[in-house]
Ligand SMILES: [Zn+2]
């Protein structure tokens, strides 16, 4: 079990050292607080783990043993039925993310979710594409309320999954093209039951999808090099020509691919706590440097993000504190925040304002 408890003083120190943060990799349905999930699950009379108490429920959502990505994502079985197809719940989760992100001094975030997953199969069968639009609009409503109440800026990325039908994947792209609030598309692994992932497989359909995204100005990011090896990163950036890579830790295993990531300055959205709890970086590798430490030392273009606070038990400050415990300096972490601002999918005029603000906060050049 990983020792993952931080005090209020730890969080306050992190907020004073890093007064402005940017988050690029966080799954909206992985940000639900245990209390909100509990309320939703109870109101829908869904099955509960353990003895049916809040304590058992909260324990089931929190991952403390690094086993596999499959294991890390397993609590979704309790929470997905709690929000799928429920527009008010989707709006609430988006609003509450803004509140919690602002508490950790995030000034800009890109939050991602799968419209199909948030709508659920039952409602999708009933409403089709109009249902997907409704769920995206519910999330946008929650974000817009949150932006106003908490003084934060939040944009949306929509997630498609490897292994989905081409029709479903294309619907995600269509939604990305439709809404100004949506600034990019994410491609994610659908976890098979055996837990073995093959990230960013090359298919004619996905190649066409990414080509269409590029042609129509939709920015893209691909989960790669998390559960699988460096070749997935190569496929993501060289075949799909994505703008950013989700995770990318295993780049360091292949000197040629790693060198190309450094030379091309491809942005790697790193997530410290989930990298351990998914066993993407295995405890048995602890005698080696964590890839994020390598990225910092080699001045790779990386950022620090929270991924799934529901399962790690902490929002972004926890990830910053963990990275500091590995020896990342204040300067390296400040640079990672500027990297995130520079790699954001904001329209150019908004991005240059954000970049200036972060650079002047941390006295950095760019
Ligand atoms: Zn992710």
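The values are calculated or read from the model by the stated rules, or taken from the named source; none is laboratory data. Because the structure is predicted, anything quoted here is derived from the model rather than measured. As a convention, Cβ positions derive from the backbone with ideal geometry for all residues, glycine included, and neighbour counts pool all protein chains shown.
Just a few scattered comments:
- Filtering segment 184-197 to residues that are under 15 Å from residue 160 (Cα atoms), assigned to a loop (DSSP other than H, G, I, E, B) and modelled with pLDDT of 60 or more leaves 189, 190.
- Residues being at pLDDT 95 or above, within 30 Å of residue 217 (Cα to Cα), within 15 Å of the ligand (Cβ to nearest atom) and buried (at least 22 other Cβ atoms within 10 Å of the Cβ) are represented in segment 312-323 by at least one member.
- Of the helices (runs of 4 or more DSSP H) contained entirely in segment 54-126, those carrying at least 1 residues that are at pLDDT 95 or above fall at 54-61, 76-83, 87-103, 115-119.
- Matching residues, segment 248-270, being in a strand (DSSP E or B) and out of contact with any helix residue (DSSP H, G or I) (no Cβ under 7 Å at 6 or more places or on another chain): 269
- In segment 310-321, the residues that are assigned to a helix (DSSP H, G or I) and touching a residue at least 60 places away in the same chain (Cβ under 8 Å): 310, 311, 312, 316, 317, 318, 320, 321
- Per the listing 300, 279, the residue uniquely away from the ligand (no atom under 13 Å from the Cβ), in a loop (DSSP other than H, G, I, E, B) and under 30 Å from residue 38 (Cα atoms) is 279.
- Among the residues making up segment 222-237, those that are in contact with a helix residue (DSSP H, G or I) (Cβ under 6 Å, 6 or more places away or on another chain), within 14 Å of the ligand (Cβ to nearest atom) and at pLDDT 90 or above are 222, 224, 225.
- The criterion of being within 16 Å of the ligand (Cβ to nearest atom), over 30 Å from residue 82 (Cβ atoms) and either surrounded by fewer than 24 Cβ atoms within 10 Å (Cβ to Cβ) or without any contact (Cβ under 8 Å) to a residue 12 or more places away in the chain (or both) does not hold for residue 363.
- Residue match in segment 188-203 (condition: away from the ligand (no atom under 16 Å from the Cβ), within 19 Å of residue 305 (Cβ to Cβ) and surrounded by 16 or more Cβ atoms within 10 Å (Cβ to Cβ)): no
- Residue within segment 54-65 that is crowded, with 23+ Cβ neighbours inside 10 Å, touching a residue at least 40 places away in the same chain (Cβ under 8 Å), within 19 Å of the chain's Cα centre (by Cα) and within 16 Å of the ligand (Cβ to nearest atom) present: yes
- Figure legend. Inter-residue proximity from segment 174-186: first residues under 8 Å from residue 218 (Cβ atoms), second residues within 16 Å of the ligand (Cβ to nearest atom) and in a helix (DSSP H, G or I), beta-carbon distance below 8 Å, spacing 6+ or different chains. Indicated pairs: 185/172.
- Among residues of segment 210-233 that are free of Cβ contacts under 8 Å to residues at least 60 places away in the same chain and at positive phi, those with a Cβ under 9 angstrom from a residue that is part of a strand (DSSP E or B) and within 14 Å of the ligand (Cβ to nearest atom), sequence gap 6+ or separate chain, pair up as 225/245; 225/246; 225/247; 225/268.
- Taken together, 344, 334 contain a single residue that is in contact (Cβ under 8 Å) with a residue 60 or more places away in the chain and surrounded by 24 or more Cβ atoms within 10 Å (Cβ to Cβ), which is 344.
- Selection within segment 351-360 - surrounded by fewer than 17 Cβ atoms within 10 Å (Cβ to Cβ) and touching a residue at least 24 places away in the same chain (Cβ under 8 Å): 357
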